[in-house]
1. Please give the contour-minus-distance gain from GLU99 to GLU206: 0.36 nm per residue of separation, less the Cα-Cα distance, rounded to one decimal in nm.
2. Give me a comma-separated list of calculated 3J(HN,Hα) values for the stretch 55-68, in order, Karplus coefficients 6.51, -1.76, 1.60 applied at θ = phi - 60°, integers in Hz, x for any Gly or Pro.
3. What percent does the relative contact order of the chain come to when contacts are Cα pairs within less than 8 Å and at least six residues apart?
4. To the nearest 10 degrees, how steep is helix 152-166 against the longest Cα principal axis of the chain, on a 0 to 90 scale?
5. To the nearest 20 debye, what is the magnitude of the charge dipole of the chain about its Cα centre, counting +1 on the Cβ of each Lys and Arg and -1 on the Cβ of each Asp and Glu?
6. So what's the back-of-envelope 222 nm ellipticity for the chain, counting only DSSP H runs of four-plus at -39500 (n - 2.57) apiece and dividing by all residues, rounded to 500?
7. Rank LEU215, THR187, MET105 by how far each Cα sits towards the positive end of the charge dipole of the stretch 69-217 (+1 on Lys, Arg Cβ; -1 on Asp, Glu Cβ) and give me just the farthest.
8. Would you report the distance distribution of C-alpha pairs in the stretch 117-202 as whole percents per 10 angstrom bin, up to the bin with the largest distance?
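The values are calculated or read from the model by the stated rules, or taken from the named source; none is laboratory data. Here the structure is a predicted model, which is why all the values come from computation and not from measurement. Methodologically, a virtual Cβ is constructed for each residue, glycine included, from the backbone with ideal geometry; neighbour enumeration extends over all protein chains shown. Please note that ligands, DNA and RNA were not included when accessible areas were found on the heavy atoms of the full protein model with its side chains. Shrake-Rupley method; radii C 1.70, N 1.55, O 1.52, S 1.80 Å.
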Amino acid sequence: MSDLQLQRRGLLCVVSGPSGSGKTTLCRRYSNADPAAVYAISATTRTPREGEKDGIDYFFLSREEFESRATRGEFLEYAEVHGNLYGTLKSEVLAHINEGRDVLMDIDVQGASLIREQSDPAIREAFVDIFIMLPSEEELLRRLDYRGTESRDQVELRLGNAREEMRHWADYRYTVVSQDKETDFTTFSAIMAGERCRSSRLTPCEDAINQHPELGL
Ligand code: 5GP
């Protein structure tokens, strides 16, 4: 008799948190380390920062192009953040979930709320949301300053937005209070591992139904 094999559909894992919380690094690191996970590259109208590459960090679009793709219904969600448009393309998400891969999305609280409201049963079932919180206002300031990639005005804008974003932590199923990179990654991976084991997302393959009467199917 072969060992029990359970198949599952992919997770749609939405990760939010203030600028500097390390959410992008967590999503990227997890998807690089695990072949069953992919990072959904967002589209944005913001100007690329130094070193950022089109199609790797973001799909950098003009506002006209973004808006026309939005009109064509190509986005799962989109929102205006820090004065620019950001959105998740359906093409970056749906096929992966159907094929059993977990999709990690680093999006703001407005985008997360739009996905939470989706009526599509496949999306609702796959949905997991995680908020990365900072332990203090001092730590937030320290991390925003450390990035060194933003102008003073941008830092001020991001600071105001960060305070507003953090008020939404309780809307998320999980909240991770960020400590150091390794601890955060361990906690994040533990959440993913738990979500992958939820019985409601698992289906025995045809062989398992015949060979494992203990399943009661
Ligand atoms: P940044 O400009 O620092 O790369 O990102 C700014 C903010 O936009 C972050 O809070 C990030 O989570 C959010 N963001 C990135 N991609 C998306 C997206 O596809 N949709 C939404 N709603 N927000 C996004």
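1. Result for the pair: 36.8 nm of gain on full extension.
2. x, 10, 7, 8, 8, 8, 10, 6, 4, 4, 4, 4, 5, 6
3. Once normalised by length, the contact order is 33 percent.
4. It works out to around 40 degrees.
5. That gives a dipole near 80 debye.
6. Here the helix-only value at 222 nm equals -11500 deg cm²/dmol.
7. So the residue we want is MET105.
8. Cα pair-distance distribution for the stretch 117-202, in percent: 14, 36, 30, 16, 3.
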